[in-house]
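Okay, so here's the structure we're looking at.
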Amino acid sequence: MLNNEFEWEIVKSDERYIVSDNYNLKDLVSSITVLNPGKSTTGHSHKGQEEVYVFFRGVGKMQIDQKEYSVTQGDVIPVDDGAFHRVFNESNQKLEFAAIFNGRRES
């Protein structure tokens, strides 16, 4: 779902996923993740950054701190500053989502 008219940079790629970022905006980073079936993101937290996740293909779960939420196409999930978060794809199809966050990627 990447629009090739904008500059996207692959920042992570392995058997779990492909993560591409766009740095065209001054204060926000747009990131697209394609998460393979049966895989999960590493999970992380970052002080000083809020994020919004937008799910546009597939189904899965999202962990925020100690809670898990079912996610599917069209879901928009806010992540508070400093909250641990992780996405799980327990299906047999790819799970695709965008994350928009303020500032630059820290890890």
Förster radius 25 Å - calculated FRET efficiency between SER45 and GLU9 (Cβ-Cβ, nearest 0.05)
0.60
If you take every residue apart from ILE32 with its C-beta less than 9 Å away from the C-beta of ILE32, what net charge results, scoring Lys and Arg +1 and Asp and Glu -1?
-2
How big is the dipole moment of the chain about its Cα centre under a simple scheme where the beta carbon of each Lys and Arg is +1, that of each Asp and Glu is -1, and everything else is neutral? Debye, nearest 20, please.
240 debye
For the table LYS12/LYS47; LYS26/LYS47; LYS26/LYS67, the rows whose alpha-carbon distance is greater than 27 Å are LYS26/LYS67
If the reach is capped at under 18 angstrom between alpha carbons, list the aspartates and glutamates near LYS39, excluding any in the same chain fewer than eight residues apart.
ASP14, GLU15, GLU68, GLU90, GLU96
Taking the beta-carbon count within 10 Å as an exposure proxy, list VAL76, VAL59 from fewest neighbours to most.
VAL76, VAL59
Using 0.36 nm per residue of separation minus the Cα-Cα distance, give me the extension gain between ASP80 and LYS61 in nm, one decimal.
5.1 nm
Listed with the fewest Cβ neighbours within 10 Å leading, VAL87, VAL52 appear as VAL52, VAL87
Shape call for the chain, from the Cα gyration tensor axes a ≥ b ≥ c (a/c under 1.5 means rounded, otherwise prolate when a/b beats b/c, else oblate), comes out oblate
Could you list ASP81, ASP27 so that the one with the fewest beta carbons within 10 Å of its beta carbon is first and the one with the most is last?
ASP27, ASP81
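The numbers here are math on the coordinates, done by the rules we state, and not lab data. Owing to the predicted nature of the structure, the values given are computational and were not obtained by experimental measurement. So basically every Cβ, Gly included, is an ideal-geometry build from the backbone, and we count neighbours across all protein chains shown.
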